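Following: one structure in structure tokens, then a few remarks.
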Amino acid sequence: MKNTIFFLAASALLASMPLTAAAQEGIRLQEQQLNNAENTPCPVFPVPSERQVKWNETEFYAFYHYGMNTYTNAEWGDGSEANSKFNPTAAPNPKQWLEAAKKAGMKGGIAVVKHHDGFCLWPTKTTDHHVGNSGTQYGSTTNIPRDFAKAAVELDMKYGFYVSPWDLNSPYWGKKDEKGNYTDEYAKKVFFEQCAELAEFGKDQFEMWFDGATGGDHKGYYGGANEYRTIDNAQTYYDIPNLRDSIHNLCPDIILWGVGGEARWIGNEQGWAGETNWAMGSGEYGSETGWQWNSGESDAKATSKGWFWHSGETISSADVLFKMYLETVGRNATLILNIPPDKSGSLPEATVARMEELGKMMEQRLGTDLAPAAAIEVTETRTAGQTVDYKAGNMTDGNKDTYWATNDGTTSATITFRWDEPQTLRYVMLMEYIRLGQRIKAFTVETSEDGENFTRRCGSIATTTVGYKRILPLNGSTASSYGAGYKAKALRITINDSKACPLLHTVSIF
Ligand code: FUL
């Protein structure tokens, strides 16, 4: 009894006393162990949603600008185009579009089904301005979203649609009431309904593309009004939060791009992202301290003239397109590469041939991973949990859900890959386990011919962030990355700085 009273008194006294930092740390570690049997690293916020992770995994996909502009030789129509101008010379063939993309190594595609001129490539209930009313031989039975979704499923590719929020044909777009306030007719009667109709073409869509163009100095038809209209705030005008929730309910994996707020424009249309590129913030480089996950997508043209097909255009060489790939997908962005169908509703032969050539180049350069055959040494491996471990081999096991990690508090480490026989090396690819945030801030890559003396590689490329994926040409040149390569018995990656313990799920070496 005496003892118990003494114990209670002592405990009360202890509880009221301030704890030393070391004691506090001890309690924290104990709690961590009690509640964290797998020793899972703490996330570094912000982290992506599951659908954002899936979206990132699509990596490289095609963009198909096809529609009224294909027949009027325009890039932007004004909405006054007669339906009958949509006059394909053959039945449009989205399967052929996607087959070509697949040959290039792309994992999916996005079809423009309504551009700013408002002409819909499916028989929508929201307006009369659509294919079904074209009255042309192949136009009136065209239904791009239906055929595109069907082909994508058959080819096991991801798919989605570009539906322009700005609509130069609609009488409701940018319309104001007597008091000068914007009416909600367009958002409710037209745009929301169009998105909902498109969602019905397939629940497994991965992205809906909402362009940011919002009128201004481009005169529009607007149902005969023929005037300049604009809106002041796309988020409120299109009621984006509500739209996002509604479309997520219909298509659980879909990302609403751009105005939709779930993935960002990379900030240029030339096909490059910053060497340092955070998945937060905006533009080419993002922001290390951004509060929201908002990964970058780079939209770029493979052809010389415009987004839509124009007579006499040429297509970039496979080398130029491969450089674009390295500077986007290889820099923690996705690449949506535009290849426009022509007036026949199919891709020109030259495009198909170039996509095949690009695919072969990708396979030759990045198709054979030498990392799984190497012995790996790491300076530290995080203590395993009850059923999960964080060993170095997780980086080369082909499983994106297992990763190597260091212990809490360790923000630098080296990873060395060694081969018995010298290999010829040209590229290294790193992938962070982004479900727990983008963490790495600085690293270096070296190779060694004899396995002992190392030389720094990657030229003057900024080896800073990694993120979802980083691909580095060891010779430091994205333009001519496929040189003689470096003979090496070892390759060493040193992580110099990380927001918290680094987590890598894959390292590949080519
Ligand atoms: C832009 C649009 O205005 C272009 O016409 C094109 O669709 C491009 C991909 O996005 O903002």
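Observations
- Cα centroid of the stretch 177-195 to Cα centroid of the stretch 478-510, whole Å: 51 Å
- Accessible surface computed residue by residue for the stretch 371-509, with neighbouring protein chains in place and a 1.4 Å probe, gives 38 Å² per residue.
- When the listed pairs Lys107/Lys391; Lys125/Lys203; Lys125/Lys301 are checked against a 24 Å cut-off, the alpha-carbon distance exceeds it for Lys107/Lys391; Lys125/Lys301.
- Relative packing of peptides 198-211, 107-120 - highest average C-beta neighbours within 10 Å first: 107-120, 198-211
- Spin-label pair Ala484-Ser80: with each label point 7 Å from Cα along the Cα-Cβ axis, the two points sit 6.4 nm from one another.
- Where only DSSP H runs of four or more residues are counted, the chain gives -7000 deg cm²/dmol as its mean residue ellipticity at 222 nm, each run worth -39500 (n - 2.57).
- Among complete DSSP H helices in the chain, those whose alpha-carbon atoms stretch at least 18 Å along the helix's long axis and whose mean Kyte-Doolittle hydropathy reaches 1.0 are 2-16.
- Dimensionless Rg over Rh [the chain; C-alpha; Kirkwood]: 1.07
- Whole-angstrom gap from the stretch 43-57 to the stretch 287-328, using each part's C-alpha centre: 22 Å
- Rounded percent of accessible protein surface that carbon and sulfur make up, the chain, 1.4 Å probe: 50 percent
- Per residue, in Å², the accessible surface of the stretch 47-192 once ligands and nucleic acids are set aside, probe 1.4 Å: 37 Å²
- Accessible surface computed residue by residue for the stretch 195-327, with neighbouring protein chains in place and a 1.4 Å probe, gives 40 Å² per residue.
- The Glu349 and Ser412 beta-carbon pair, evaluated with R₀ = 45 Å, returns a calculated FRET efficiency of approximately 0.30.
The values are calculated or read from the model by the stated rules, or taken from the named source; none is laboratory data. Bear in mind that the values here come from a model prediction, so they are computed numbers and not experimental data. Cβ coordinates were reconstructed from backbone atoms using ideal geometry, including for glycine residues, and neighbour counts include every protein chain displayed. Just the protein is used for accessible areas: all its heavy atoms, side chains included, with ligands, DNA and RNA removed. Shrake-Rupley method; radii C 1.70, N 1.55, O 1.52, S 1.80 Å.
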